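Only one structure is covered here, and it is reproduced in the block below.
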Amino acid sequence: MSTQFGSLPQTEYARVRTLVSASPEQCYDVVADIASYPDWAHGITGVDIIELDDLGRVLIARFEAEAIGRRTRYVLRYDYSKAPMAVRWSQVSGDLTTRVDGAYTFTPSADDPEATEVSYELSIGLAMPLPGFVKRRAEAKIVEAALGKFRARIENL
């Protein structure tokens, strides 16, 4: 797994990649099953589906999560325009964040026809400044949920 972290004024971002033993379509199916996130994504304690698109995919969802020692709520809008090779999202509203933009991208492995390179990108604008050690701890949990727990979920289906 490769990881890149960084920051811009009031914005934190992470980009991570890993290889999983699954097809891009199987990866997409796990990511697009937003209602099941509390079952496997660390920190997410609840999901309410607000709106579905014409194909029955989640277009808007409200999340409740544990983050930086407190409960947070946020609403995300999903973009499936590159499905099944990618799923993107952006924040509609949030209480601890001013911005959340992210994506999962699925690329077939050039070396293994039964594997997929999964890329996860996340950019978060925080509503309040946080000490560096708190940010690093939150980044580690996000990465573990985004790829570690994702890999476990996909490879155990």
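Does A83 count as touching a residue at least 24 places away in the same chain (Cβ under 8 Å), in a loop (DSSP other than H, G, I, E, B), small (G, A, S) and touching a helix residue (DSSP H, G or I) at 6+ places or on another chain (Cβ under 7 Å)? Judged against the criteria, A83 is a match.
Taken over the range 103-140, the criterion of being under 25 Å from S23 (Cα atoms), of a type in the set (D, E, K, R), modelled with pLDDT under 95 and crowded, with 16+ Cβ neighbours inside 10 Å is satisfied by E121 alone. Of all residues in the range 10-49, those satisfying the criterion of being exposed (fewer than 14 other Cβ atoms within 10 Å of the Cβ) and either in contact with a strand residue (DSSP E or B) (Cβ under 6 Å, 6 or more places away or on another chain) or part of a loop (DSSP other than H, G, I, E, B) (or both) are Q10, S21, A35, T45, G46, D48, I49. Residues that are charged (D, E, K, R), within 16 Å of the chain's Cα centre (by Cα) and over 30 Å from G69 (Cα atoms) within the range 17-56 comprise just one, D29. Of the residues making up the range 55-66, those that are surrounded by fewer than 12 Cβ atoms within 10 Å (Cβ to Cβ) and either farther than 11 Å from Y80 by Cβ or small (G, A, S) (or both) number 1. Select, from R99, R73, R151, the only residue that is assigned to a strand (DSSP E or B) and either modelled with pLDDT of 95 or more or farther than 19 Å from V47 by Cβ (or both). So the residue among R99, R73, R151 that is assigned to a strand (DSSP E or B) and either modelled with pLDDT of 95 or more or farther than 19 Å from V47 by Cβ (or both) is R99.
The values are calculated or read from the model by the stated rules, or taken from the named source; none is laboratory data. Predicted model, so just to flag it, every value in this text is computed and none were measured. Neighbour counts are summed over all protein chains in view; Cβ atoms, including those assigned to glycine, are modelled from backbone coordinates with ideal geometry.
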